[in-house]
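What follows draws every value from the coordinates through simple rules; no lab data is involved. No experiment lies behind these values; they were computed from the predicted model shown. Ideal geometry is used to build each Cβ from the backbone, glycine not excepted, and the neighbour counts take in all protein chains shown.
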Amino acid sequence: MMTSHYSDEDWMRYALKLAERADQEGEIPVGAVLVLDNEVIGEGWNRPIVRHDPTAHAEIMALQQGGQVLQNYRLLNTTLYVTLEPCVMCAGAMVHSRIQRLVYGASDLKTGAAGSLLDILGHPGMNHHVEVTSGIMADVCSTYLSDFFKRRREQIKMQKKLNQILR
């Protein structure tokens, strides 16, 4: 039996495809894929707006799906690939789920909790530490997010102009 071994870049490309789904739904384009033994056991994309749920982040969705697949909340020996550095909530979920490794693309200097603003995953007081690899395809991930926010600002600007015309 032959098995393929995928690289961090391959899995990040997969996460970027999931981020596209978030973008198509009008969500901030973040995608996440949870991998065990080189197989996908969970995937997610941002959906807090669509689901009216502040916890519906890509990472949380992937972790929840992984828990269902494994029938266990402990996701031992897994790697989570995410296009954007996780927030505090998502980093906390990673600690509780006991993932082995996090790989992310773009850093988040405003809310990143995997080393940029805070370091939840490596905090000495935590009962589990997650190995972190950052900057995988960072330029692509960052550009995708920047382009999304640029489009969003343009849409808002156009809406304001339209509202002024219709007054």
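Here is how the numbers come out for the structure above:
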item: DSSP bridge orientation in the chain - percent antiparallel, rounded to nearest 5; result: 55 percent
item: The range 74-167: proportion of alpha-carbon pairs further apart than 22 angstrom, %; result: 40 percent
item: Projected-area average for the range 59-119 over all orientations - Cα convex hull basis, square nanometres; result: 3.6 nm²
item: Inter-label distance for VAL50 and LEU162, nm, one decimal - labels placed 7 Å from Cα along Cα-to-Cβ; result: 2.2 nm
item: Rule-of-thumb Rg ratio for the chain [Cα; 2.2 N^0.38 Å; N residues]; result: 1.10
item: log10 of Debye I(q)/I(0), alpha-carbon scatterers only, for the range 51-93 at 0.16, 0.21, 0.22 Å⁻¹; result: -0.42, -0.72, -0.78
item: Order by protection proxy (mean Cβ within 10 Å, highest first), peptides 40-46, 113-119; result: 40-46, 113-119
item: Gained length - ASP147 relative to SER116, 0.36 nm times residue gap less alpha-carbon distance; result: 9.0 nm
item: Protection-proxy order for peptides 55-66, 150-161, 126-137, each taking the mean of Cβ atoms within 10 Å per residue, highest first; result: 55-66, 126-137, 150-161
item: Net charge contributed by nearby residues that have their C-beta within less than 15 Å of GLY42 (K/R +1, D/E -1); result: +2
item: CD proxy at 222 nm, helix term only [per DSSP H run n ≥ 4: -39500 (n - 2.57); per residue of the chain; nearest 500]; result: -14000 deg cm²/dmol
item: Dipole magnitude (debye, nearest 20) for the range 15-167, charges at Cβ of Lys, Arg, Asp, Glu; result: 800 debye
item: Sites HIS96 and GLU20 - FRET efficiency at Förster radius 25 Å, r taken between beta-carbons, to 0.05; result: 0.30
item: For the range 8-41 and the range 59-138, distance of Cα centres in Å; result: 14 Å
item: Listed residues TYR104, TYR14, TYR81, most fluctuating in the chain (Gaussian network, C-alpha, under 10 Å); result: TYR14
item: Reach of LYS17 by Cα under 20 Å, taken over lysines that are not fewer than 8 positions away in the same chain; result: LYS150
item: Over the chain, relative contact order from alpha-carbon pairs under 8 Å, at least 6 apart, %; result: 17 percent
item: Cβ-based charge dipole, the chain, positive-most Cα from THR111, GLY66, THR78; result: THR111
item: Sites VAL88 and HIS5, calculated FRET efficiency, Cβ-Cβ separation with R0 25 Å, nearest 0.05; result: 0.15
item: Cα→Cβ-extended label distance, 7 Å offset, between MET126 and GLN68, nm; result: 2.5 nm
